[in-house]
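The values are calculated or read from the model by the stated rules, or taken from the named source; none is laboratory data. Values in this document were obtained by computation on a predicted structure and should not be read as measured data. As a convention, Cβ positions derive from the backbone with ideal geometry for all residues, glycine included, and neighbour counts pool all protein chains shown.
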């Protein structure tokens, strides 16, 4: 039995475009004579559709598309994810479903049973729970294979995943008990930097414990704050990865089921080192952020993705031979995820180009380099906005960066506007000395400049703040926080530095000027300002933030790990009191186990300050 795992990049609610992607992949699969083609979770509507699933017209359009796809399933069987009305519970709701299409019609329908409600997921808000298993015979050249259908979370119930039992049912065990010889899992799993190994370890355990192959088909692409890495894979009954698709790009992975069942071509060695096509030279798994544990990797494995307006051509790699594509290392994955997230967010929102304020610092430099990788140099405009406090080397570094990247570059001084604001407010401020107010005026003038350029040229603004600064409020509302996408807002400052070094290592040249990386970071809003005048050293700050924000550890427990009590209390207070800022920030791209935004829902007006 030859199976194609077609990981696609759909756009949320673009039923017509997504259906075209599916049909094109089906035509591609025809050339290698497959018996079954598998598509990701909710591929027809894209994931997450959120409240759009309450639109009856969208659901009906996606059902018509499902039937069109089924009608095309004449030379092979197809498993495709879609939304269906719940006709069994009487709730009047909808369900997250997968259809098995054979001989030009829908032969079976499966509704997702385990609906996650944690981190970025809120599926019980949108969908009703499915009941029962779905094991169906799928025709192949050797007869039939009993295939069990599952959707995403159905495969993530295991205790190893969360350290406790999350659900009262075990869909995989029930599906195998019903006679499944093969488990197919259609998925849309949001990326985090340490998830690939965790996911494969978990799925391998499931395959080995139940003694059946597992085929996992994941979505790829970016949708709002979520990126999906694809990385579809096949696990043999011994739990080993037998085949793996590409990461961060559409792909069709061909797998021969007879080979899996006989054990032929099964890898018993570790996966290969990254090939030349994958960025090389990364340090293993450091990247400034303390290693994420299973605890940090909150139960998550979902969601589907969008894609560019133009259909992506997906070509299958023909047999013989199986592929195990490299996954890349920690830094490579973060870079690739941010590039994909930036590209898809920009294009799917209808923009082609972006504006970025270039300060000469490492945050704006990394943001600009990512934008060039994502959109091309011709679509990136950089602007330096010096003031009386800007150092000469900052403007030089910004100009050099723009030249190295080949992007359009402008210099717009804010000094005249700054002086005018001071004169305008002089009477109002009489009797009060300078403070952070004057610093914020400068940041907000810069925000006005980048927004003016964006408006004039029809571009999107990428803001440049990192996770460390956003966490403690070291940023200015309506100033440097201005933007349509906060590209690196889930990247700790220590990791930003590592990404800058990796960018230069990949290029074999100092694309990001060395002085930008080595000089002390500064907002340059007052004379001789340095970040460490206000903040703890970034390596200390980031370590505390991982524990307080991502692991939810109480301050006293962090102190018991050996961190300075005053520093921990300051960080915890700063994180808590700046929730109001973060809830007004632009959307960012999630790359850590817990990002600010949908996966961390904190109240603004709250007084929980135990031990502080």
For this session: Would you check which residues across the stretch 179-191 are within 30 Å of residue 546 (Cα to Cα), assigned to a loop (DSSP other than H, G, I, E, B) and modelled with pLDDT of 95 or more and list them?
Result: 188, 191
For this session: Run residue 567 past the list (1) buried (at least 19 other Cβ atoms within 10 Å of the Cβ); (2) outside the structural domain of residue 364 (by TED's automatic domain parsing); (3) not in a loop (DSSP other than H, G, I, E, B) and report the number of the one that doesn't hold.
Result: (1)
Exercise. Which of the residues that make up the stretch 446-481 are part of a loop (DSSP other than H, G, I, E, B) and surrounded by fewer than 19 Cβ atoms within 10 Å (Cβ to Cβ)?
Worked result: 458, 473, 477, 478
Exercise. Touching a helix residue (DSSP H, G or I) at 6+ places or on another chain (Cβ under 9 Å) and either in a helix (DSSP H, G or I) or modelled with pLDDT of 95 or more (or both), is that true of residue 398?
Worked result: yes
For this session: Could you name every one of the strands (runs of 3 or more DSSP E) located completely within the stretch 198-246 that has at least 1 residues being surrounded by fewer than 24 Cβ atoms within 10 Å (Cβ to Cβ)?
Result: 241-244
For this session: Please find, within the stretch 577-591, the residue that is nearest to residue 248 (Cα to Cα) out of those that are within 19 Å of the chain's Cα centre (by Cα) and not in a loop (DSSP other than H, G, I, E, B).
Result: 588
Problem set entry | Neighbours by Cβ (under 6 Å, 6+ apart or cross-chain): first from the stretch 44-59, closer than 21 Å to residue 117 by Cβ; second modelled with pLDDT under 95 and not in a loop (DSSP other than H, G, I, E, B) | 53/126
Problem set entry | Evaluation of residue 367 against (1) in a loop (DSSP other than H, G, I, E, B); (2) closer than 19 Å to residue 588 by Cβ (one fails), failing number | (1)
Exercise. Does residue 406 count as in contact with a strand residue (DSSP E or B) (Cβ under 8 Å, 6 or more places away or on another chain), at pLDDT 95 or above, assigned by TED's automatic domain parsing to the domain that holds residue 498 and farther than 19 Å from residue 341 by Cα?
Worked result: no
